[in-house]
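Take a look at the structure below.
Only the coordinates and a few stated rules stand behind these numbers; no lab work does. If you're wondering where the values come from, they're calculated on a predicted model, not measured in any experiment. Using ideal geometry, Cβ is built from the backbone for each residue, glycine included, and neighbour counts are taken over all protein chains shown.
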Amino acid sequence: MFDGFIIKSGHLHFSHFEKDDDWLTEDKEKVQEGTSVMMKICLKSSRTSKEVFDRYASEENDFGFTKTIVPVNLLQYGEENLVSRSQAKRLLTRFEKFREIILNFKDVKSIGPAFADEIFRVFQEQHPPIKLLWIHANKEIEKNIRKSLNHD
């Protein structure tokens, strides 16, 4: 509904501005007690509530937020590579609450086979009704996703 927002809690700051501009930053110097949320909306915004609801509803007659888009790059810490099953499990937290999940691999250079397997084979086998999709994956990431999908 908003053009941007910032959530600050403890030493973490999450901000979202524009379509794919998400940032998770850490400030160990300024630790904030509690949580604050700041939202920005343009007075001349042409966005409608229907457009927002349609974007996050997985089906046409679904009136809940059953679809989510997850920026995978926020899971990375520094130059850390996404290679392990434990990293994938961290990403998968609360995925079972959605019917459709779109993993956005923008700014992710690579993922390891175990990371891909945990998400696209293990999780999918445990939650068959959930639709897992991905966007902005480079060729290397696509290769590891496809290997896990074709695993016998």
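What to note about this one:
- Reach of Lys139 by Cα under 18 Å, taken over lysines that are not fewer than 8 positions away in the same chain: Lys106, Lys109, Lys147
- Theoretical FRET efficiency, 1/(1+(r/R0)^6), r = Cβ-Cβ of Lys40 and His127, R0 25 Å, to 0.05: 0.10
- Ranking Ser110, Asn81, Ile130 by how far each Cα lies toward the positive end of the dipole of the chain (charges on Cβ) leaves Ile130 at the top.
- Reported label for calculated P(r) over Cα pairs in 10 Å bins from 0, in percent given [x] 9, 27, 29, 24, 9, 1, 0; [y] 11, 41, 36, 11, 1; [z] 10, 33, 35, 20, 3, 0: [z]
- Separation in nanometres of the label points that stand 7 Å from Cα toward Cβ, at Asp107 and Phe95: 2.1
- What the Cβ-Cβ distance of Val31 and His136 gives, at R0 = 41 Å and to the nearest 0.05, is a FRET efficiency of 0.80.
- Proxy reagent accessibility, fewest Cβ within 10 Å first, across Val108, Val83: Val83, Val108
- Take every Cα pair under 8 Å whose residues are at least 6 apart in sequence, average their separation, divide by the length of the range 48-149, and the relative contact order is 27 percent.
- A simple spin-label model places pseudo-atoms 7 Å from Cα toward Cβ; at Ile69 and Ser86 they are separated by 3.2 nm.
- Calculated [222 nm] ellipticity per residue, helices only, for the chain: -5500 deg cm²/dmol; basis is -39500 (n - 2.57) per DSSP H run with n ≥ 4, divided by all residues, nearest 500.
- Charged neighbours of Lys8, selected by a Cβ distance under 15 Å, balance to -2 (K, R count +1; D, E count -1).
- Within the listed set Ser46, Ser36, Ser84, the Gaussian network model of the chain (springs between alpha-carbon atoms below 10 Å) gives the highest mean-square fluctuation for Ser46.
- Eligible lysines near Lys28 by straight Cα distance, threshold 24 Å, same-chain separation 8 or greater: Lys8
- For the range 1-44: rounded, prolate or oblate by the Cα gyration tensor [a/c cutoff 1.5]: oblate
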